[in-house]
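Trainee: Have a look at this one.
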Amino acid sequence: MSQFNLFGVFILLLAMIAAGCERPAGEASRATPNGSPAAEIAVKQRTTPPAEDDAWRGLERHEIQLDQKLLVVKGSKGVIGCPYLNVDSFEKFGEACAIIPAVDIAGMLDSKVTAVTTKAKELGIEVGMRGREALDKIR
């Protein structure tokens with residue numbers, strides 16, 4: 001299995017066991033009209049940055065619609081994600097990871113970092129730093 005596939009499996013496993021990301025105000029739980037959970041999980045992956053913002057250049061962006069969105073941005077040096085990700089797991093494996101609470105990928109640019117691994121600190125990412133700066137450091 002390739003490293004990319006292992007990374008995807010790892011992220012999904014973390015998503016199933018960790019706390020959720022913020023839900024937009026007023027957004028209801030995703031359920032079918034009969035009250036059962038939605039069977040479909042929408043996945044959005046953008047590898048081409050929008051022309052109007054250079055912040056995404058060279059970064060893989062993933063929005064995975066669960067009950068709440070799982071947000072993951074991957075660069076060549078590390079990962080930035082929402083609180084679905086468990087920073088302690090990344091610490092255990094010596095990976096650079098920062099957590100930025102946001103309701104969608106675009107919101108990560110202006111939100112602030114709330115947790116980092118030792119490896120992320122070595123890249124210059126700090127708690128309280130704006131997402132735009134942190135993203136630049138994992139590129």
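Trainee: Looking only at segment 104-118, count how many residues are among the small types (Gly, Ala, Ser) and under 12 Å from the mean Cα position of the chain (by Cα).
Mentor: 2
Trainee: Something else about it: Quickly run through segment 50-67 and pick out the residues that are touching a helix residue (DSSP H, G or I) at 6+ places or on another chain (Cβ under 9 Å) and in a loop (DSSP other than H, G, I, E, B).
Mentor: If the condition is that a residue be touching a helix residue (DSSP H, G or I) at 6+ places or on another chain (Cβ under 9 Å) and in a loop (DSSP other than H, G, I, E, B), then Pro50, Asp53, Leu59, Leu66 are the ones that fit.
Residues are listed down the side, and each one gets a yes or a no for (1) buried (at least 17 other Cβ atoms within 10 Å of the Cβ); (2) modelled with pLDDT under 95:
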{"position": "Ala18", "(1), (2)": "yes, yes"}
{"position": "Pro37", "(1), (2)": "no, yes"}
{"position": "Ala42", "(1), (2)": "no, yes"}
{"position": "Pro50", "(1), (2)": "no, yes"}
{"position": "Leu70", "(1), (2)": "yes, no"}
{"position": "Ser76", "(1), (2)": "no, no"}
{"position": "Val79", "(1), (2)": "yes, no"}
{"position": "Ile99", "(1), (2)": "yes, no"}
{"position": "Val113", "(1), (2)": "yes, no"}
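Trainee: So for segment 101-121 (the condition being touching a helix residue (DSSP H, G or I) at 6+ places or on another chain (Cβ under 7 Å) and on the phi > 0 side of the Ramachandran plot), does at least one residue qualify?
Mentor: no
Trainee: Determine, yes or no, whether Lys121 is surrounded by fewer than 16 Cβ atoms within 10 Å (Cβ to Cβ) and more than 14 Å from the chain's Cα centre (by Cα).
Mentor: yes
Trainee: Taking segment 77-103 as the region of interest, how many residues are in contact (Cβ under 8 Å) with a residue 24 or more places away in the chain, more than 9 Å from the chain's Cα centre (by Cα) and over 17 Å from Glu133 (Cβ atoms)?
Mentor: Residues in segment 77-103 being in contact (Cβ under 8 Å) with a residue 24 or more places away in the chain, more than 9 Å from the chain's Cα centre (by Cα) and over 17 Å from Glu133 (Cβ atoms): 8 in total.
The values are calculated or read from the model by the stated rules, or taken from the named source; none is laboratory data. Values in this document were obtained by computation on a predicted structure and should not be read as measured data. Note that we place each Cβ from the backbone using ideal geometry, even for glycine, and neighbour counts take in every protein chain shown.
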